[in-house]
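In what follows, a single structure is set out as structure tokens and then discussed.
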Amino acid sequence: MARIISLVNQKGGVGKTTTAVNLGAYLARMGRFVLLVDIDPQGNASSGMGIEVKRVQQGVYEAIINKASFRDITHHTQIEGYKVAPSTMSLAGANVELVPVEQREYRLHNSLMEVKHDFDYIIIDCPPSLGLLTINGLVAADEILIPVQSEYYALEGLGQLLNTVNLIKENLKPELSILGAVLTMFDRRYQLSQEVMQELYKFFPNKIFRSVIPRNVRLAEAPSFGESILTYDPKSKGAKAYERLAREIIDTEN
């Protein structure tokens, strides 16, 4: 049965999608069967893996409204064992359309039950907000991974995110847990990056991954070619960092 991990941070530009795409790639490289689920209407995780979102006829939206099954919407990637359930243009209206739907917070969770035994990991890339789609991503998950950018405003809003997680644990998904936080866009040359890391330990004592994702040009370039860093430049510093992160997560398997 798959281990479902949602990547969430309501701040944009923190490396959330980059982490989702590349973590999934390295987990697959290490022999796990992985499904990347893109529930961000921007569709960056989908396009970053070479899927033309505008041409997708059926995606996550169709699965959560029961017009398609998850097995029907998944796309293969050039990495063996790695599949993507893409975002579609229709997903943009889901935050509004799902409001009157019965058990609206469980739509993604219920839809994923069909494929939970097909994969070792299901990685969910959530939108940069705390709306209904992100709540679906949290309720569907077993654990959440929080990417945090090593910049001045990085910790702003983390308290709100943690309060949302606690509300979901209290009311919707008691077994939801925080896998940890991962520091992204880290530059050891700057004192600020070190200070952000120290502050982060106050929010997540004993839950900070040792693997730190550096600020890396090759990581930024890879999505424009529709590739993960694993296939685009496996020798880059960014690639090595995500490889280490994947190994750390595998080490936490029960």
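What the table below lists for this structure:
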quantity: Mean Cα-pair separation over length for the chain, i.e. relative contact order, pairs under 8 Å, 6 or more apart, %; calculated: 26 percent
quantity: Highest-fluctuation residue, Val60, Val37, Val101 considered, GNM on the chain with Cα pairs under 10 Å; calculated: Val101
quantity: In order through the stretch 99-112: 3J(HN,Hα) via Karplus (6.51 cos²θ - 1.76 cosθ + 1.60), integer Hz, x for Gly, Pro; calculated: 3, x, 6, 5, 6, 4, 6, 9, 4, 5, 3, 5, 5, 6
quantity: Whole-Hz ³J(HN,Hα) from phi, Karplus 6.51 cos²θ - 1.76 cosθ + 1.60, for the stretch 134-141, glycine and proline x; calculated: 5, 4, 4, x, 6, 5, 6, 8
quantity: Loop trypsin sites (Lys or Arg not before Pro), the stretch 1-70 (other Cβ atoms within 10 Å of the site Cβ: 13 or fewer; DSSP); calculated: Lys67
quantity: Integer Hz, Karplus 6.51/-1.76/1.60 couplings in order for the stretch 147-163, x for Gly and Pro; calculated: x, 10, 6, 8, 9, 4, 8, 4, 8, 5, x, 5, x, 5, 4, 5, 5
quantity: The stretch 133-254, relative contact order [Cα under 8 Å, separation at least 6], %; calculated: 23 percent
quantity: Histogram of C-alpha separations across the chain, 5 Å bin width, %; calculated: 1, 7, 15, 19, 21, 18, 12, 6, 2, 0, 0
quantity: Normalised per residue, the volume of the convex hull around the Cα set of the stretch 35-173 (Å³); calculated: 121 Å³
quantity: Cβ-based exposure ranking for Ser69, Ser46, in which fewest neighbours within 10 Å come first; calculated: Ser69, Ser46
quantity: Sorted by Cβ neighbour density within 10 Å, fewest at the top, the residues Arg71, Arg218, Arg107; calculated: Arg71, Arg218, Arg107
quantity: Val101 versus Asp251: modelled label distance in nm, points set 7 Å from Cα along the beta carbon direction; calculated: 3.9 nm
quantity: Which listed pairs, of Lys83/Lys116; Lys116/Lys173; Lys54/Lys83; Lys67/Lys116; Lys173/Lys207; Lys116/Lys207, have C-alpha distances above 22 Å, in listed order; calculated: Lys116/Lys207
quantity: Exposure proxy order (Cβ contacts within 10 Å, fewest to most) of Val56, Val84, Val14; calculated: Val56, Val14, Val84
quantity: Under DSSP loop assignment and at most 14 Cβ neighbours within 10 Å, longest GluC sites (Glu not before Pro)-free interval of the chain; calculated: 176-252
quantity: The stretch 17-91 and the stretch 97-138: distance between their alpha carbon centers, rounded to Å; calculated: 13 Å
quantity: Sum of side-chain charges, Glu227 neighbourhood, beta-carbon under 10 Å (Lys, Arg +1; Asp, Glu -1); calculated: -2
quantity: For the chain, built as a Gaussian network whose Cα springs stay under 10 Å, the top-fluctuating residue of Asn136, Asn22, Asn166; calculated: Asn166
quantity: Amide hydrogen neighbours beyond the local backbone of Ala85, cut-off 5 Å, H modeled; calculated: Leu36, Val37, Asp38, His75
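Every read-out reported here was derived from the displayed coordinates using simple, explicitly stated rules and does not represent laboratory data. What you are looking at is a predicted structure, and each value in this text was computed from that prediction instead of being measured. Don't worry about glycine lacking a Cβ; one is built from the backbone with ideal geometry, like all the others, and counts go over all protein chains shown.
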